[in-house]
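Down below is the structure, laid out as structure tokens.
The values are calculated or read from the model by the stated rules, or taken from the named source; none is laboratory data. These numbers were taken from a predicted model, which means no experiment stands behind them. Every residue, glycine among them, receives a Cβ derived from its backbone with ideal geometry; neighbour counts consider all protein chains shown.
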Amino acid sequence: MRTYLVTGGAGFIGSNYIHYMFRKYNNEIRIINVDVLTYAGNLENLKDVEKRDNYTFIKADVCDKDAIAKIFEENDIDRVVHFAAESHVDRSIKDPEAFVRTNVLGTFVMLNCAKNAWMLEDGTFKEGKKFLHVSTDEVYGSLEDDGSYFYETTPYDPHSPYSASKASSDMLVRAYIDTYKFPANITNCSNNYGPYQFPEKLIPLVINNALQGKSLPVYGDGKNVRDWLYVDDHAKGIDMVHENGRLGETYNIGGHNEKQNIEIIHIILDTLLEMLPENDPRRAHISRDLITYVEDRKGHDVRYAIAPDKIKAEVGWYPETMFEEGIKKTIKWFFENEDWMKRVTSGDYQAYYEEMYK
Ligand code: NAD
Ligand code: DAU
């Protein structure tokens, strides 16, 4: 049975990936989830899988080389999927240090422990071992509104401390591939949305605030463009690259779904009104009047857009969920998981929100 070591599996994309993998492979695989449980890590996201015999959770920091080396010593790991990161751009602008530590040092520790565990005496690697580094389109910088795209060959030009730390981590992976012929791939994905997304990010924040009649903060003029992908399509892409990608290669993942932020907010408001029952009292306060233009994000990238040509041609990946369907599934999930939202928005998040949007 193949053993996967997933880092950051208690976060948004990691937990969706774990669900996806168990739905697809059921008992054919084993997953070890390593997560230190920051504010963004929530074991509640995994309560459906926690009793499985083929799932193990280990609380550990990816920067802790002894703890990570021990996991490799005690388990014959076949695949690493490295999600663990500090992921929120606004937090990186306020406090970049954790981003450099986890995203750069943590990736180095993961790479080095995998290399030590997998390398044979002659410098080659054990058969079938593979490392997949989950990265972002933000490493490529910002596009103008001119129909251009990010390709795998686009030069790196990160602007925020978050994207700079992810770019650095990608460079380390590339260095391991070039220097040691380390068996790895990098995926650079566009903006994800879906269940379990922490409400500091645009889509869950707008859903949550609109349902409570709270203002919807729009940075700048609201015309910045992001390229949205339903999280299950990202999970599918990661799995397909692991299965069919050429080792050493980078693959961009994105679904040609570019939208201005203000458009996203309008769609969410319209969809909420379409989905809420006629007699639901929350309908009364859902309106475009909630939209509040606030100070722009520092260094705000204008537009992201992925060209997914390579992953389509080489790996056969394509996105299955259109935005209109994905946003309905996401809103339905948030309707059905109000308690999840209440729990994650209490405590520390309240303090962050007050400070961020004051
Ligand atoms: P997230 O913030 O929801 O989850 C991150 C997870 O990593 C959390 O469970 C957290 O506890 C864990 N973690 C953080 N620091 C850790 C450490 N030092 N040791 C162990 N675990 C640690 O993030 P996400 O949105 O799920 O993103 C996951 C990955 O995907 C990140 O690498 C991110 O850069 C990348 N990515 C995200 C998006 C997106 O739209 N969210 C798009 C492309 C790529
Ligand atoms: O592109 C991939 C990236 O997408 C990932 O690498 C990051 O981990 C992930 O957080 C996401 O980054 P963004 O900065 O694009 O996502 P966010 O949801 O924070 O913001 C989306 C857009 O909405 C962005 O242009 C900023 C804007 N925004 C965001 C918030 C939170 C607002 O206008 N108001 C807000 O309150």
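How about segment 59-99: which of its residues are in a helix (DSSP H, G or I), of a type outside the set (D, E, K, R), more than 13 Å from ligand 1 (Cβ to nearest atom) and under 24 Å from Phe198 (Cα atoms)? Within segment 59-99, Ile93 is the sole residue that qualifies. On the given criteria, is Ser168 at pLDDT 95 or above and part of a loop (DSSP other than H, G, I, E, B)? No; evaluated as a whole, the condition is false for this residue.
All told, Asn185 meets the bar of being touching a Leu at 6+ places or on another chain (Cβ under 7 Å), among the polar types (S, T, N, Q) and either more than 10 Å from ligand 1 (Cβ to nearest atom) or part of a loop (DSSP other than H, G, I, E, B) (or both). Is it true that some residue in segment 277-299 is more than 18 Å from Ser215 (Cα to Cα), in contact with a His (Cβ under 8 Å, 6 or more places away or on another chain) and modelled with pLDDT of 95 or more? Yes, segment 277-299 has at least one match.
Considering only residues in segment 167-190 that are within 9 Å of ligand 2 (Cβ to nearest atom) and polar (S, T, N, Q), the one that is farthest from Tyr304 (Cα to Cα) turns out to be Asn188. No other residue among Asp232, Asp227, Asp221 is within 11 Å of ligand 2 (Cβ to nearest atom) and touching a Phe, Trp or Tyr at 6+ places or on another chain (Cβ under 7 Å) apart from Asp227.
Listed here are the residues, each with its yes/no results for (1) outside any loop (DSSP other than H, G, I, E, B); (2) in contact with a helix residue (DSSP H, G or I) (Cβ under 8 Å, 6 or more places away or on another chain); (3) modelled with pLDDT of 95 or more; (4) more than 16 Å from ligand 2 (Cβ to nearest atom).
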| site | (1), (2), (3), (4) |
| --- | --- |
| Leu5 | yes, yes, yes, yes |
| Ala10 | no, yes, yes, no |
| Asn27 | yes, no, yes, yes |
| Ile32 | yes, yes, yes, yes |
| Thr56 | yes, no, yes, yes |
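Residues that are among the aromatic types (Phe, Trp, Tyr) and surrounded by 17 or more Cβ atoms within 10 Å (Cβ to Cβ) within segment 198-224 comprise just one, Phe198. Exactly one residue among Ser190, Ser168 is more than 11 Å from ligand 1 (Cβ to nearest atom), within 16 Å of Val89 (Cα to Cα), surrounded by 17 or more Cβ atoms within 10 Å (Cβ to Cβ) and small (Gly, Ala, Ser), and that residue is Ser168. Within the set Glu314, Glu320, Glu325, the sole residue that is in a helix (DSSP H, G or I), surrounded by 12 or more Cβ atoms within 10 Å (Cβ to Cβ) and among the acidic types (Asp, Glu) turns out to be Glu314. Within segment 191-209, being more than 9 Å from ligand 2 (Cβ to nearest atom) and within 14 Å of Arg226 (Cβ to Cβ) holds for no residue. Scanning segment 34-54 for residues that are touching a helix residue (DSSP H, G or I) at 6+ places or on another chain (Cβ under 6 Å), in contact (Cβ under 8 Å) with a residue 60 or more places away in the chain and part of a helix (DSSP H, G or I) yields a single hit, Asn45.
Scan segment 143-153 and tell me whether some residue there is at pLDDT 95 or above and more than 30 Å from Glu324 (Cα to Cα). Yes, segment 143-153 has at least one match. Only one entry in Leu216, Leu202, Leu211, Leu229 is of a type outside the set (Ser, Thr, Tyr) and under 27 Å from Lys312 (Cα atoms), namely Leu229.
Residues checked against (1) within 14 Å of ligand 1 (Cβ to nearest atom); (2) aromatic (Phe, Trp, Tyr); (3) not in a helix (DSSP H, G or I):
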{"residue": "Lys223", "(1), (2), (3)": "no, no, yes"}
{"residue": "His242", "(1), (2), (3)": "no, no, no"}
{"residue": "Tyr251", "(1), (2), (3)": "yes, yes, yes"}
{"residue": "Ile268", "(1), (2), (3)": "no, no, no"}
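All conditions in (1) out of contact with any His (no Cβ under 6 Å at 6 or more places or on another chain); (2) part of a helix (DSSP H, G or I) hold for Gly128, with the sole exception of (2).
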